[in-house]
1. I'd like the full set of residues that are in a loop (DSSP other than H, G, I, E, B) and touching a Ser or Thr at 6+ places or on another chain (Cβ under 9 Å), limited to the stretch 103-135.
2. In contact with an Asp or Glu (Cβ under 8 Å, 6 or more places away or on another chain) and among the basic types (Lys, Arg), is that true of Arg37?
3. Every residue in the stretch 187-207 that is in a loop (DSSP other than H, G, I, E, B) and over 17 Å from Ser16 (Cβ atoms), please.
4. Please enumerate the residues belonging to the stretch 137-167 that are at pLDDT 95 or above, assigned to a helix (DSSP H, G or I) and exposed (fewer than 10 other Cβ atoms within 10 Å of the Cβ).
5. Residue check, Val81 against (1) farther than 30 Å from Gly203 by Cβ; (2) in contact (Cβ under 8 Å) with a residue 40 or more places away in the chain, all met but one. Which one?
Amino acid sequence: MSHVGPLESGGPFDFSWAMRRLCEDVCARLEPFRHIRMNEVAVTFAQARRRVPHGLQAKLTPMRFENGQLTTTRGRRQWTVQRLYTGDGESRRELLYILTFYLPRFLDHDLREKLITVLHELYHISPLFDGDIRRMGGRYHVHSHSQKEYDRLMEVFVDQYLAMRPPAAVYGFLRKNFRRLNTEHGGVVGVKVPIPKLIEVPGSQSA
C-alpha cells in the first residue's frame, strides 16, 4: 500500500491524504465517531467504471467477521480474511477497515451529499472498533429497518459538524468536483488497496 505526500508538496491532489484529514477531524469533533482510530483505517479510492452520477459512491470493508472474529464458517469450512498492515517497525499497525471512495463519481456531487456519504460509511464502523461493522440488530442489521432514516441521521450529524465551524481547509476540497481538482492540481492521486481475499483455514473442512 503506497501513500503520496500531502497537498502542501505542490504535486497532484492527494485525495486519500485530504480525506483522511477530514475523517480525523470528524472523529475528533462528533461524539458518535470518537471510537474510530483512523490510523487503523485505510483510506483508498477505486475508479468508477462509468462516468455517471448514480451508483456506488463509497464503501466500508471490515477486516473482521461478526463480533470481531478472525474466522467465519461457511458450509463445512472455516475461512479467514487476508490481513493488511501499514508502517514499519514500531509504527507497524494492522488495518481493521478499508474506506473506499469511487472516483470521479463521489467528487461529482455537491458538498452536503459528499459529507453525508463520508459519515454514512464511518458510522458503519462498529462502536467496539473490532474490525466488524455496526450491527443494528434484527433482519436489517446494516441500515436498521430503513436506509432513509439512517441517511437522515447522517444529515443531522453533518449539520452538527458544520455548526462546529471546522476549518475550511479541512473540508473545502469537497466543494470542488473531480474535473476542477484535476485541473487545478495537475492530477488526482491516492491510495489503492487490492480487495482482501478470503483464505480457507487449513484442515477446517468437517466430515
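1. His109, Asp132, Arg134, Arg135
2. Here the answer is no, as Arg37 does not meet what is asked.
3. Answer for the stretch 187-207, where residues must be in a loop (DSSP other than H, G, I, E, B) and over 17 Å from Ser16 (Cβ atoms): Pro196, Lys197, Val201, Pro202, Gly203, Ser204, Gln205, Ser206, Ala207.
4. Ala163 - this is the single residue of the stretch 137-167 that is at pLDDT 95 or above, assigned to a helix (DSSP H, G or I) and exposed (fewer than 10 other Cβ atoms within 10 Å of the Cβ).
5. The single condition Val81 does not satisfy is (1).
Table: residues versus (1) assigned to a strand (DSSP E or B); (2) surrounded by 19 or more Cβ atoms within 10 Å (Cβ to Cβ).
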position: Leu60; (1), (2): yes, no
position: Thr73; (1), (2): yes, no
position: Trp79; (1), (2): yes, no
position: Glu90; (1), (2): no, no
position: Glu94; (1), (2): yes, no
position: Ile98; (1), (2): yes, yes
position: Phe101; (1), (2): yes, yes
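The values are calculated or read from the model by the stated rules, or taken from the named source; none is laboratory data. Quick caveat, the model's predicted, so the values are computed rather than measured. Quick reminder, even Gly has a Cβ in these numbers, built from the backbone with ideal geometry, and neighbours come from all protein chains shown.
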